[in-house]
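First comes the structure, then the notes that go with it.
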There are 6 protein chains.
Amino acid sequence: MNDRPISRFPVPEIPDLPDDLRERILAVQEKAGFVPNVFLALAHRPDEFRAFFAYHDALLERESGLSKAEMEMIIVATSGANNCLYCVVAHGAVLRIRAKDPLVADQVAVNYRKADISERQKAMLAFAMKVGEGGQSVDDDDFDSLRGHGFSDDDIWDIGAITALFGLSNRMANMLSMRPNDDFYLMGRQTR
Amino acid sequence: MNDRPISRFPVPEIPDLPDDLRERILAVQEKAGFVPNVFLALAHRPDEFRAFFAYHDALLERESGLSKAEMEMIIVATSGANNCLYCVVAHGAVLRIRAKDPLVADQVAVNYRKADISERQKAMLAFAMKVGEGGQSVDDDDFDSLRGHGFSDDDIWDIGAITALFGLSNRMANMLSMRPNDDFYLMGRQTR
Amino acid sequence: MNDRPISRFPVPEIPDLPDDLRERILAVQEKAGFVPNVFLALAHRPDEFRAFFAYHDALLERESGLSKAEMEMIIVATSGANNCLYCVVAHGAVLRIRAKDPLVADQVAVNYRKADISERQKAMLAFAMKVGEGGQSVDDDDFDSLRGHGFSDDDIWDIGAITALFGLSNRMANMLSMRPNDDFYLMGRQTR
Amino acid sequence: MNDRPISRFPVPEIPDLPDDLRERILAVQEKAGFVPNVFLALAHRPDEFRAFFAYHDALLERESGLSKAEMEMIIVATSGANNCLYCVVAHGAVLRIRAKDPLVADQVAVNYRKADISERQKAMLAFAMKVGEGGQSVDDDDFDSLRGHGFSDDDIWDIGAITALFGLSNRMANMLSMRPNDDFYLMGRQTR
Amino acid sequence: MNDRPISRFPVPEIPDLPDDLRERILAVQEKAGFVPNVFLALAHRPDEFRAFFAYHDALLERESGLSKAEMEMIIVATSGANNCLYCVVAHGAVLRIRAKDPLVADQVAVNYRKADISERQKAMLAFAMKVGEGGQSVDDDDFDSLRGHGFSDDDIWDIGAITALFGLSNRMANMLSMRPNDDFYLMGRQTR
Amino acid sequence: MNDRPISRFPVPEIPDLPDDLRERILAVQEKAGFVPNVFLALAHRPDEFRAFFAYHDALLERESGLSKAEMEMIIVATSGANNCLYCVVAHGAVLRIRAKDPLVADQVAVNYRKADISERQKAMLAFAMKVGEGGQSVDDDDFDSLRGHGFSDDDIWDIGAITALFGLSNRMANMLSMRPNDDFYLMGRQTR
């Protein structure tokens, strides 16, 4: 199955990449043991690659009232709603690892209302769904409700912005028919 | 009306901004005669600001088979579909100027099928709508159809990626209740 | 651009029209400075023309708890939801003039929730949206809520009936590909 | 059940009505044997009553390539799609009588694709459904397809305009919770 | 009209059927005076026939807090929402008979909110609609609300399960283009 | 996590069950190594349990032009579309095992268009999606298209009927908040 294309678009060879992309990719490879296909597929356009990962890091690596696992819940729920295979599978793996929970990713991808998560997390994902559908009806009541669950305003920004960024990512992956690496499917499923 | 808030979130003062943000903002102000509110609203988070505009420039300033006006058509049509007031108004102004056409922005925002644009441009916007809804059903036929209208594969990437980036932007603006500057409404309407 | 067709259907010459239609059209022309295309496009069917404008006048010229500007808000919001280019552009112009506000029409057309209008007006438009989608779920709670905003029952009829009439108008204009006059786009934008 | 209200709004007594309304209503009563509630419910607003029935007559009593039964099919299918109880029940009765067919009204109200009607009539109703949803995507292909089924352009106008007028009627009836007369339910069911 | 096909698939002759199917069918025929087409259409697959009617009987013939008429309301409302001609027409007849009400079936099929039924029954049908759309958002509040209307938990199971079973039935009938017997259309309409 | 409820409704103890249910459950337990929760949750209603599994067996154990794996693809795709956690997780496991493919279940659950399956299988799932949405628009073209992919008419019945049965199952599981056994999540993921 390794010979199936990972993108509709040309995928560069790692040695041909600009230094900064190659370094980032090799660093990920060292850490994960393989190169996630999103890095190769997006490397077709180095400037967009840099911007996407800069955005990604700005949101996912900042101090936040959201835990790393909660951030991944948002990504997985959004990607499920957008039927994005790459992101559900790849971030599902990350969510399992971050949450140290082999079940939560499938639960959140299929129906977060039935997941083994807190009421606070369900409120977080309900807001993410609302932003993911376009956000046109977000209003003061949404903010009040989330504050009632203990989210700060900047936490709310984080929820919406992560949803928005992965809405972008879902659309790119769907357009490219980006293929998740086989490795992701099993990751984090045996950590209990 | 100038005292209405431009974002639900705190908006920094320009002198307090990091140098690179301040410089970009002052450059825009010099060129446009005012500071578009998106710069101030997103400056609440400098790293995300940098990433967003890097992505924006990577897509909108690259060599492309799409004209600058066509890129703005994609933005306006996507923003109309997502009911994003900021982006329809601000990019509507840019589209009028880029296309040297005072009518096209309102046409594309409301219903691109009735706009004074070419069949090729209507095909471009139909694809943008499909990506904007999530892109889950994008398939080979879409690519073949666009190639039949003379788009290269990289042009197709541009269409989808601009749609995806402004889908992000629409969601942020809707979440923030970002307010378009009054100046945008009239810009480019008298150029005939 | 003046040579683009204003309707898929034949458009009569003004001198060939029945007297009452010609008189109405010349009166409008005298007042507005041009003949709005809807008069010419609908004149293809004089009896329907008469009925439409009789309905229009019955609703829009009666004494009502709604101001003239509020009536136009309903029309513009409904027309935006139905992607009706003619009605958004033409009634957008009227709304700007009636409200003496160059911004409100674009706001209401794109997303009334973000418009510079009162909470009462937002409730009015929320009800219009519900009727515009078919009205099948309108219930006592909707009436109670609107009464709580100070609307009389006859005001509520007005909201729903204007929505319903312009739902008709939107469908006709979309079917005919009715073209808004170029003049409308700029009207009322410089009144501040 | 006769004491259930026929409208949320006040319903005038026939003797109190303006002459022209009273005459029309008495004429209908003489012909049908009862007064259809729509006449009483809309008589709350005489000017709108006049305009509505003028529009109705202009469309339904003109010479057309559509038969009277086909016109009623459009009304019933549109009203089914809009969940309008009054119009499905009242015009279902008329359709049964016009078509001399006790079955066709229920078929068209529930799912016209399964009705005992011609392919030409199914094409007619498919177009009506497209206009009924707003008509924003009506295009040349729709016209070509209908012409291929033998419809003239004016027949197509009739299809769309009847759909649009009863879209208005459906919204009014839903808003008013207009109650169909008990008499309608059984009419035309035993004509075979 | 009796020679129109009752299913896209082959329909067995009654004498050729397995004994248990033939007996059930003859018993129905004796009671109803004709053989409802669903029995013949589903008899193409005897094992599925047996299972379907076993499920049907398990739900509809058990002791329940729902009356027989209420069970049929659920079926008719669900079938209306799924545009299932066979089920609306056949179960509409049964509902009229069970409720001894010639009007209620058309009301519930078109728009249960406007039907002459109790608030409790409207709450029951609102829940059925939610399950009918997939049930993914059913939550504790739904159960609490129904309990507040006097439904036991097992009554709630009945509502949801009947909805689910007839969702199956609607999909089969739509796929088969199952034709309702002409007899159903008039049944129960003259019982007042 | 074993102490989380597997259903909103009471779950009987296995020794208390009627013999036939207990025997079926013990047989499954012997084969699978555990009792899938659907057996316990549905055992709250023994007659419905019997009917459901009779239906299940009638469809899934008959001779068919569909392979066992293809049947499970239909179930998983339908369950994904209905956001049914139990069925995606449990039948995802079965699909992995039947197809001897650790990846295909997640692919089909998220977006079958991007799955490693044949064009024939994608056509099968496209039809399942159409039936799953209600089947109201299924027509001759659908049958012709599937025949063109080599499906017999009885294969098409199988596709639609499996979709319909699991539409029922999805609605029951969603209403019950039926919890998938932890065991399913990992099953069949390591068979390569």
Margin query: With loop defined by DSSP as not H, G, I, E or B, and exposure as at most 12 other Cβ atoms within 10 Å, which is the longest segment of chain D clear of exposed GluC sites (Glu not before Pro)?
Written below: D:64-192
Check: Angle, helix A:153-176 long axis vs. longest principal axis of chain A, Cα atoms, 0 to 90°, nearest 10?
Finding: 40 degrees
Notebook entry, point to check: Counting only the backbone N, which residues of region E:8-45 are under 19 Å from the spot 7 Å out from the Cα of F:ASP47 toward its beta-carbon?
Noted result: E:21, E:24-25, E:27-28
Notebook entry, point to check: Largest first, how would D:ILE97, A:ILE159, F:ILE6 line up by accessible area (1.4 Å probe)?
Noted result: D:ILE97, F:ILE6, A:ILE159
Check: Between Rg and the Kirkwood Rh of region F:26-107, both from Cα atoms, what is the Rg to Rh ratio?
Finding: 0.96
Checklist line | Teacher prompt: D:ARG24 distances to equivalent labels in other copies, 7 Å Cα→Cβ, nm | finding: 1.5, 5.4, 6.2, 6.2, 6.9
Item checked: Copy-to-copy label separations for D:ASP154, where each label sits 7 Å from Cα toward Cβ, in nm and ascending -> 4.0, 5.6, 5.6, 6.7, 7.1
Next item on the list: Specify which residue in the list B:PHE53, B:ALA109, B:MET73 is farthest towards the positive end of the charge dipole of chain B, using unit charges on the beta carbon of Lys, Arg (+1) and Asp, Glu (-1), about the Cα centre.
Entry: B:ALA109
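Within 10 Å of each Cβ of E:33-46, how many other protein chain Cβ atoms are there on average?
1
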Notebook entry, point to check: Helix-derived [θ] at 222 nm for chain A: sum -39500 (n - 2.57) over DSSP H runs of at least 4, divide by residue count, nearest 500?
Noted result: -19500 deg cm²/dmol
Item checked: Per principal axis, descending, Cα span of region F:126-174 in whole Å -> 36, 19, 13
Next item on the list: Would you tell me the accessible area of C:VAL35, worked out with a 1.4 angstrom probe on the heavy atoms of the protein chains, in Å² to the nearest 10?
Entry: 20 Å²
Next item on the list: Give the angle, between 0 and 90 degrees and rounded to the nearest 10, that separates the Cα long axis of helix C:68-81 from the longest principal axis of the Cα atoms of chain C.
Entry: 80 degrees
Next item on the list: Could you tell me how many degrees, from 0 to 90 and to the nearest 10, lie between the Cα long axis of helix D:119-132 and the main elongation axis, the longest principal axis, of the Cα atoms of chain D?
Entry: 60 degrees
Note to self: Normalised radius of gyration for region F:18-62, please: alpha carbon Rg relative to 2.2 N^0.38 Å, two decimal places.
What the structure shows: 1.10
Margin query: Under a crude label model (7 Å from the Cα following the beta-carbon direction), how far is E:ASP140 from B:GLU63 in nanometres?
Written below: 6.2 nm
Checklist line | Cβ-vector label at 7 Å, A:ARG4, separations to other copies in nm | finding: 2.9, 4.5, 4.5, 5.0, 5.6
Check: Can you list the HN-Hα couplings for region A:21-32, worked out from phi with the Karplus curve (6.51, -1.76, 1.60; θ = phi - 60°), rounded to whole Hz and with x for Gly and Pro?
Finding: 5, 4, 5, 4, 5, 5, 5, 5, 4, 5, 6, 8
Checklist line | Calculated on alpha-carbon atoms, Rg and Dmax of region E:107-192 in Å | finding: 15.2, 43
Notebook entry, point to check: Computed from the mean reciprocal separation of all distinct C-alpha pairs, what Kirkwood hydrodynamic radius does region D:61-132 have, in Å?
Noted result: 11.8 Å
Note to self: Working only with C-alpha atoms, what are the Rg and Dmax values of region C:43-172, expressed in angstrom?
What the structure shows: 14.0, 44
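Please state, as a whole number in µm²/s, the translational diffusion coefficient that the Stokes-Einstein equation yields for the protein assembly as shown at 10 °C and 1.306 mPa s, with Rh defined as the Kirkwood radius across alpha carbon pairs. Mind showing how you got there, number by number?
On the way: Rh = 31.7 Å.
Answer from the Stokes-Einstein relation: 50 µm²/s.
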Checklist line | For residues of F:129-142, the mean tally of beta carbons on other chains within 10 Å | finding: 5
Item checked: 10 Å Cβ neighbours from other chains, averaged over peptide A:162-170 -> 5
Next item on the list: Rounding to the nearest 20 debye, state how big the charge dipole of region E:148-192 is about its Cα centre with +1 on each Lys and Arg Cβ and -1 on each Asp and Glu Cβ.
Entry: 360 debye
Checklist line | Charge dipole (debye, nearest 20) of the protein assembly as shown; +1 at Cβ of Lys and Arg, -1 at Cβ of Asp and Glu | finding: 0 debye
Check: What residue in chain D has the Cβ closest to the axis turning D into E, and how close is it in whole Å?
Finding: D:ARG189, 3
Check: If you put +1 on each Lys and Arg Cβ and -1 on each Asp and Glu Cβ, how big is the dipole of region C:1-115 around its Cα centre, in Debye rounded to 20?
Finding: 520 debye
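The values are calculated or read from the model by the stated rules, or taken from the named source; none is laboratory data. Because the structure is predicted, anything quoted here is derived from the model rather than measured. Positions of Cβ are generated from backbone atoms using ideal geometry, with glycine treated the same way; all protein chains shown enter the neighbour counts. Ligands, DNA and RNA are stripped out before the accessible areas are found, and what is left, the full protein with its side chains, is counted by its heavy atoms. Shrake-Rupley method; radii C 1.70, N 1.55, O 1.52, S 1.80 Å.
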